[in-house]
Amino acid sequence: MDIILLGPPGAGKGTQAKMMIEKWRIPQVSTGDILRAAVRDGTQLGLEAKSFMDKGELVPDSVVIGIIEARIKEPDAVGGFILDGFPRTIVQAEALEKILADNGRKIDHVISIEVDDEELVTRLTGRRMCKSCGESYHMVFNQPSVENVCDACGGELYQRDDDKEETIRQRLEVYHEQTSPLIEYYRERGGLREVDGTGNISDIFTQIAANLAGTA
Ligand code: AP5
């Protein structure tokens, strides 16, 4: 299954993707996670990406398309993947279609997770991430059992640099301008499923699972 998770910053793409990995045994491919790892490792890619990420802007299409082209050919992604945070522009969506077609593949499902902007700001300002495994928590809505310690791996939690309110608002503006047109793009191609991203995390997962099973 080749799946795209669409949605604004903070919609819960990462949270849901982690649950989907368990159920469908296919990897999450998050361009945000790949870019943050590059920033952390101080690579050339990281140096190039950091200035865009810190401002809440998109990293250039050519850079992220190259990342995805290499990643989805890796052995663990041959049987399917969950794309989280890619594509984010029409140019990226068209490039993805071509890369997949060249490899005899196509997108099977596009799940769009929908949440309004003010809820997103609340979620992102309260988000904490695990330094080791990237698991996502919230100081109020999704707390770890022990403060500042990841339930999954025991790693230390931190706040992302781009989770400051001013940067969050810029990321939302970029989402509405450059990424939300993808909803129409995929609606026209068929296979788009829209899921209400508010409410209980496991109820949202149940809705996603029903959509993927065709029983929603
Ligand atoms: P990226 O890392 O992709 O960030 P994003 O899209 O902004 O998404 P987030 O990770 O912020 O949110 P999420 O939807 O995964 O939410 P989460 O599950 O964590 O990108 C970062 C940057 O990298 C971009 O700004 C750009 O610069 C660059 N980049 C990445 N991809 C790119 C691309 N393709 N092209 C160009 N540039 C690119 O949940 C959020 C919080 O809410 C958590 O605290 C969680 O616990 C909580 N939560 C989750 N679900 C619920 C719920 N149902 N109720 C209450 N709280 C909830």
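Please treat every number below as a calculation from the coordinates, not as lab data. Nothing here was measured: the structure is a model prediction, and the numbers come from that model. Here the Cβ is made from the backbone with ideal geometry for all residues, glycine too, and neighbour counts use every protein chain on show.
State to the nearest 20 debye the size of the charge dipole of the chain about its Cα centre, where the only charges are +1 on K and R beta carbons and -1 on D and E beta carbons. Walk me through the intermediate numbers first.
Details: 25 positive and 37 negative charges, 107 e Å.
That gives a dipole near 520 debye.
Based on the alpha carbons, how large is the Rg to Rh ratio for the chain when Rh follows Kirkwood? Show your work: numbers first, answer last.
Details: Rg = 16.4 Å, Rh = 17.7 Å.
Using only Cα positions, Rg/Rh for the chain is 0.93.
Which entries of Lys73/Lys98; Lys73/Lys106; Lys50/Lys164; Lys18/Lys55 show an alpha-carbon separation above 21 angstrom in the structure shown? Going by Cα-Cα distance, Lys18/Lys55 fall outside the 21 Å limit. Residues of the stretch 1-39 with an amide N closer than 13 Å to a point placed 7 Å from the Cα of Asp54 along the Cα-to-Cβ direction: 39. Name the most mobile residue of Ser51, Ser180, Ser30, meaning the one with the largest mean-square fluctuation, in a Gaussian network model of the chain with Cα contacts below 10 Å. Result: Ser51 has the largest fluctuation of those listed.
Any idea what the dipole of the stretch 106-194 comes to, in debye rounded to 20, about its Cα centre with Lys/Arg Cβ at +1 and Asp/Glu Cβ at -1? Display every interim value, and only then the final one.
Values: 12 positive and 20 negative charges, 69 e Å.
For this selection, approximately 340 debye.
Which GluC sites (Glu not before Pro) in the stretch 77-173 sit in a loop by DSSP (not H, G, I, E or B) and have at most 15 other Cβ atoms within 10 Å of their own Cβ? Counting only loop positions with at most 15 other Cβ atoms within 10 Å, the GluC sites (Glu not before Pro) in the stretch 77-173 are Glu147.
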